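> This structure is in structure tokens; I'll ask about it shortly.
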Amino acid sequence: MEFNVSQLLKEGIGSRRSYSLSERVEAMTETGTTQVLGSMVITRTNNGVWVTGKFEANAVGSCVRCLVITDYTVSFELDAEYAPRMDINSGTLLDENEINPDIFSLTSDHILDLSEPIRQCVIIEKPMKLLCDPECSGLCSNCGANLNQATCECSEGIDPRWSELRKFIPQ
């Protein structure tokens, strides 16, 4: 997910390029993302370039009820600023003090790499309670059997430490 923006950096402020993205990537460690789709606009700013776009990516996580590995899709909007490390006209490296650590950097060859901001967005957009299926039955609290695949043979007995609470349940 790399784009050469050297020509755009030579143009005036406000110049734009539009791109469509449909790319397979090596599986990201935290999310398992392998496919990214979307469209974006790269705009020349006075300090570098600004990337805005709408994306969709696949990811992998475990169901919070049954712990089965589940594929899911996240949609997100990207809004990121990139600053060059090298002056486009003179070819000299910029002083490290001039580079803002809070924004992304272009490579010294003026390559914009979307991998890190997309990785961050996919992590942020992960569902808080990922479910393999809205009707997931989860795991048996006694034996740990996956109740989606089979019924367990555990008794419905109550832990004796909680038996006194039964008297509060209307009969």
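The values are calculated or read from the model by the stated rules, or taken from the named source; none is laboratory data. Please read all numbers here as calculations on a predicted model, not as lab measurements. Note that each Cβ is placed from the backbone with ideal geometry, even for glycine, and that neighbours are counted across all protein chains shown.
> Scan the stretch 33-41 and give yes if some residue there is part of a loop (DSSP other than H, G, I, E, B), over 17 Å from residue 74 (Cβ atoms) and in contact with a Lys or Arg (Cβ under 8 Å, 6 or more places away or on another chain), otherwise no.
Let us first name the residues in the stretch 33-41 that are part of a loop (DSSP other than H, G, I, E, B), namely 33-34.
After this cut, where a residue has to be over 17 Å from residue 74 (Cβ atoms) as well, the list is none.
No; the residues of the stretch 33-41 include none that is part of a loop (DSSP other than H, G, I, E, B), over 17 Å from residue 74 (Cβ atoms) and in contact with a Lys or Arg (Cβ under 8 Å, 6 or more places away or on another chain).
> Which condition from (1) of a type outside the set (Asp, Glu); (2) in a strand (DSSP E or B); (3) closer than 22 Å to residue 148 by Cβ is the one that residue 80 breaks?
In the conditions (1) of a type outside the set (Asp, Glu); (2) in a strand (DSSP E or B); (3) closer than 22 Å to residue 148 by Cβ, residue 80 misses (3) alone.
> What are the residues in the stretch 7-46 that are in contact (Cβ under 8 Å) with a residue 40 or more places away in the chain and loosely packed, with under 15 Cβ neighbours inside 10 Å, if any?
If the condition is that a residue be in contact (Cβ under 8 Å) with a residue 40 or more places away in the chain and loosely packed, with under 15 Cβ neighbours inside 10 Å, then 10, 30 are the ones that fit.
Listed here are the residues, each with its yes/no results for (1) over 19 Å from residue 7 (Cβ atoms); (2) touching a helix residue (DSSP H, G or I) at 6+ places or on another chain (Cβ under 7 Å); (3) modelled with pLDDT under 85.
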| position | (1), (2), (3) |
| --- | --- |
| 51 | no, no, no |
| 56 | yes, no, no |
| 60 | yes, no, no |
| 69 | yes, no, no |
| 75 | yes, no, no |
| 78 | yes, yes, no |
| 85 | no, no, yes |
| 88 | no, yes, yes |
| 105 | no, no, no |
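> Here is a follow-up. Could you list, in sequence order, all residues of the stretch 57-70 that are loosely packed, with under 15 Cβ neighbours inside 10 Å and either closer than 28 Å to residue 101 by Cα or under 17 Å from the mean Cα position of the chain (by Cα) (or both)?
Of everything in the stretch 57-70, those that are loosely packed, with under 15 Cβ neighbours inside 10 Å and either closer than 28 Å to residue 101 by Cα or under 17 Å from the mean Cα position of the chain (by Cα) (or both) turn out to be 62, 69.
> Something else about it: Restricting to the stretch 1-26, name every residue that is out of contact with any strand residue (DSSP E or B) (no Cβ under 8 Å at 6 or more places or on another chain) and assigned to a loop (DSSP other than H, G, I, E, B). Write out each step before concluding.
First, the residues of the stretch 1-26 that are out of contact with any strand residue (DSSP E or B) (no Cβ under 8 Å at 6 or more places or on another chain): 6-7, 10, 26.
Result: 26, single match.
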